[in-house]
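The structure appears right after this line, and notes come after that.
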Amino acid sequence: PDSNNNENSVPIDSNSNLAARPQRPRAPPPHAKRKLDKAQSMLGKPANEVLKLPPFQPRGAPHLHNHTRARVRKPHPQAPTAPAPPRRAPPRCEVSGKEAISALSRAQSRECRQQIVEVYCRHRDGALMPQKVPRYCPIEGKANVNVQWDEDPPDAARLPPARIAFVLVVHGRGSRQFQRLFKAIYHTSHYYYIHVDLRSNYLYREVLSLAGRYPNVRVTPWRMSTIWGGASLLTMYLRSMEDLLQMSDWSWDFFINLSAADYPIRTNEQLVSFLSKYRNRNFIKSHGRDNARFIRKQGLDRLFYECDTHMWRLGDRKIPEGIAVDGGSDWFLLNRRFYAYTLLPAESFFHTVLENSGHCQTMVDNNLRLTNWNRKLGCKCQYKHIVDWCGCSPNDFKPADLPRFQQASRPTFFARKFEASVSQEVVNQLDAFLFGAPAPGTPGLHAYWENVYEQETDGPAGLADAVLSHYHAFARMGLSRAAGSLQGHPDDNSCRFEALNHPLSVHLYFLSDTFQGYLVRHLATNQASGQPESLETWVTAKDHFTPASPPHPSNRLQHAQVGADWDPKERLFRNWGGLLGPADEPVAVQRWSRSQSNLTATVVWIDPTNVIAATYDILVDASAEVTHYRPPLSPPLRPGLWTLRLLHHWNLLGQTTFVVAPLEFHRQQPVAREEALRLHGGPARNSYMEQSFHGLNPVLRLPVSLGAVEEAEANAGLTGAPLRRWLDGLLGGHWSAADVCSMGPSACPVMQRCPHTAWSSASPDPKSDLPPPGEDGRIR
């Protein structure tokens, strides 16, 4: 379980259309020819014309000087671009490889398709990368360097302390988790260079604010969109390293890369003491001794190219002769083009450079980290939407993992992954272990807030119509709660409000690692004062799962839930609370107790008019705890109250209900009647799948009510206030306003101020606050 072998990819199934490995170019089979015809038509070429394109400049290819310190250039705000391949005559070749044809048929932009053709043709002509590369390591094989961990080395005080350049690579919206990491690793003696993904504007705003408070913190003046397994990630690292070497006012000894999902498991002082003793070593985790297996699992013998934020697999390739290819963890001379067309290049580039360089004997096979691998859960091909390969990802640590940190015997200073929305308690435990227990009564210690929408950085276009419709309904729930706070005073309007515009921000709220609901901040006009006020509403979800009654000892079903964006690795819905609209693709998840025997369960999906949308059987193994399945339902789903039933031999095990919400907005504007009829009218011919299940209605005792059908048809055309009443009524059965507060002064006399509550996103959160450094150089 403590293995830190970071082989992050596995071969995909040989039956998959992504797995073909042609041995030599040959005429495509008929179905491949059809794909080629389609690809050529997309490029504006007749099917019988050979694809020929001018040279191009690939995106995401790394830039590396032959001598890293020989020449530097000033950072500039644009994302880095790589030099174009050597100019030569435009290639003329026919794309015949199955993988390349598949990539052409799936790529979205013309530019990307042109680049794929160019890379494929250059590779086929042997002009993409060298056949042989020199090796400069003076020894054969790998250096066998071991270092020992000493809790209190006797000579530590006499050694000059090592100084570290931390490169923090962050994305997403977990600003408070990032602030806790920064707080734990900060010292005035070190340096912090932060890259925020180009798609993470909210986090970028927060990081810029942080950097402005500390002179030894800088943010990259350029930003990139990096993807898992992509060449863009390596490009970002190389550019960050180049920038650091240019900063003459920053004198550092070690480069350490971290993400927001990392956290220290030993103190800064212990890390500095260790690195000061081994100042001339490089710490990087290797895959092991089976090199052939690593090359195969990592896809290093395949050609990949990144464009359209996707890593396209284009065929086979040979590894250049003369060097030993190595790799492992990407948390840490070969021609740069080899790694521009490599899957997971950051996991093998630095290993290979180091092992084949004159510095090969400084390599220590340890990246000083502990990674939480659970291959059974983490290798689910969860990245296949962005890469033509199956990848693995570590699991999040939980409180039960704390002994693993305390008992780590080898030199280990960081661990990953941590995710506060999954478990913040383990971070609290680590903080107490490293820095001492928090003061009694510390506010917000077990609470966690994560922003999911910010109008200033995201704009209304950053929200899907279904999500925006939910948020507006949640805000109205808060206004209704405020209006009900002065019961018995019908003429008092001081707590009555009229909603204004779209929400200002939305946060997820967790307490003791349990999702507590949404916090929606919104503007509303006070009817007594006529002044706008900034309010925040807390809404909580109601659980509608009911087991069969009376309970039966053999009934293993513990719970059932429907939502979207299911995460099979962490076994939770990323669409917190199950906010579903007509265009969503819901997933049904069941949780079971273990047993001595297998079980076959029947799952039935029932729409608001008692139409059986889908039914299927699932085999529940004796040891299974979670099952899930997403039926291929034809959109749009009919808005209203849906039911999910689970049966065994047609006997009820349990059921739950869930809401498919009608859309109050279409493309961020109030929905018009024509759009409403199209979006809310249900699927064509009232059929969600090719197969009809009408014959099961009598078996399940589900009469199709003409009145329910007529009501659904009438609701489908609603707009304006009637639509809002329908939406609010549906969600009111599954959500409720737990509280509402004001960000500033309010005309409502009973309205509490948000900073004074324990739940608001404006509540005190000292564990994530960043104060000025103390006399010891730390902020923790």
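Before moving on, here are some points about what is shown:
- Residue count, segment 407-424 (criterion: in contact with a helix residue (DSSP H, G or I) (Cβ under 7 Å, 6 or more places away or on another chain) and open to solvent by 40 Å² or more (accessible area, probe 1.4 Å)): 0
- Screening segment 609-659 for strands (runs of 3 or more DSSP E) wholly inside it with 1 or more residues that are farther than 30 Å from ARG678 by Cβ and open to solvent by less than 10 Å² (accessible area, probe 1.4 Å) returns the ranges 612-620, 640-648.
- In the set (1) out of contact with any strand residue (DSSP E or B) (no Cβ under 7 Å at 6 or more places or on another chain); (2) within 20 Å of LEU696 (Cα to Cα), ILE618 fails one condition alone, (1).
- Which numbered condition PRO503 misses (of (1) in a helix (DSSP H, G or I); (2) within 30 Å of LYS767 (Cα to Cα); (3) in contact with a strand residue (DSSP E or B) (Cβ under 9 Å, 6 or more places away or on another chain)): (1)
- Search result, residues across segment 129-142 that are part of a loop (DSSP other than H, G, I, E, B) and surrounded by fewer than 16 Cβ atoms within 10 Å (Cβ to Cβ): PRO130, GLN131, PRO134, TYR136, PRO138, ILE139, GLU140, GLY141
Here is a yes/no grid of residues against (1) assigned to a helix (DSSP H, G or I); (2) closer than 20 Å to LEU523 by Cβ; (3) of a type in the set (S, T, N, Q); (4) open to solvent by 30 Å² or more (accessible area, probe 1.4 Å):
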{"site": "ASP431", "(1), (2), (3), (4)": "yes, no, no, no"}
{"site": "ALA439", "(1), (2), (3), (4)": "no, no, no, yes"}
{"site": "ASN451", "(1), (2), (3), (4)": "no, yes, yes, no"}
{"site": "GLU456", "(1), (2), (3), (4)": "yes, yes, no, yes"}
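- Residues that are in a helix (DSSP H, G or I) and under 19 Å from the mean Cα position of the chain (by Cα) were ranked within segment 206-240; the one that is surrounded by the most Cβ atoms within 10 Å (Cβ to Cβ) is ALA231.
- Flag for GLN669 being farther than 30 Å from LEU647 by Cβ and of a type outside the set (Gly, Ala, Ser): yes
- Candidates VAL427, VAL422, VAL467: the one that is assigned to a helix (DSSP H, G or I) and farther than 26 Å from TRP726 by Cβ is VAL427.
- Any hit, segment 167-184, residues being at pLDDT 95 or above, surrounded by 18 or more Cβ atoms within 10 Å (Cβ to Cβ), over 23 Å from TYR448 (Cα atoms) and of a type outside the set (A, V, I, L, M, F, W, C): no
- Answer residue from segment 515-543, given it is open to solvent by 60 Å² or more (accessible area, probe 1.4 Å) and not basic (Lys, Arg) and is nearest to ARG571 (Cα to Cα) among those: ASP543
- The set of residues in segment 256-302 that are in contact with a strand residue (DSSP E or B) (Cβ under 7 Å, 6 or more places away or on another chain) and modelled with pLDDT under 90 comprises ARG281, ASN282, PHE283, ILE284, LYS285, SER286, HIS287, LYS297, GLN298, GLY299, ASP301, ARG302.
- Count - residues of segment 668-683 that are surrounded by fewer than 18 Cβ atoms within 10 Å (Cβ to Cβ) and within 23 Å of LEU633 (Cβ to Cβ): 3
- Residue check for PHE397: modelled with pLDDT of 85 or more and in a loop (DSSP other than H, G, I, E, B): yes
- All of ASP253, ASP262, ASP243 fail the test of being closer than 21 Å to ASP365 by Cα, of a type in the set (D, E, K, R) and buried (at least 21 other Cβ atoms within 10 Å of the Cβ), apart from ASP262.
The values are calculated or read from the model by the stated rules, or taken from the named source; none is laboratory data. Please read all numbers here as calculations on a predicted model, not as lab measurements. A quick note on method: Cβ atoms are made from the backbone with ideal geometry, for glycine too, and the neighbour counts reach across all protein chains shown. The protein model used for the area step is the full one, side chains on, heavy atoms only, and it has no ligands, DNA or RNA in it. Shrake-Rupley method; radii C 1.70, N 1.55, O 1.52, S 1.80 Å.
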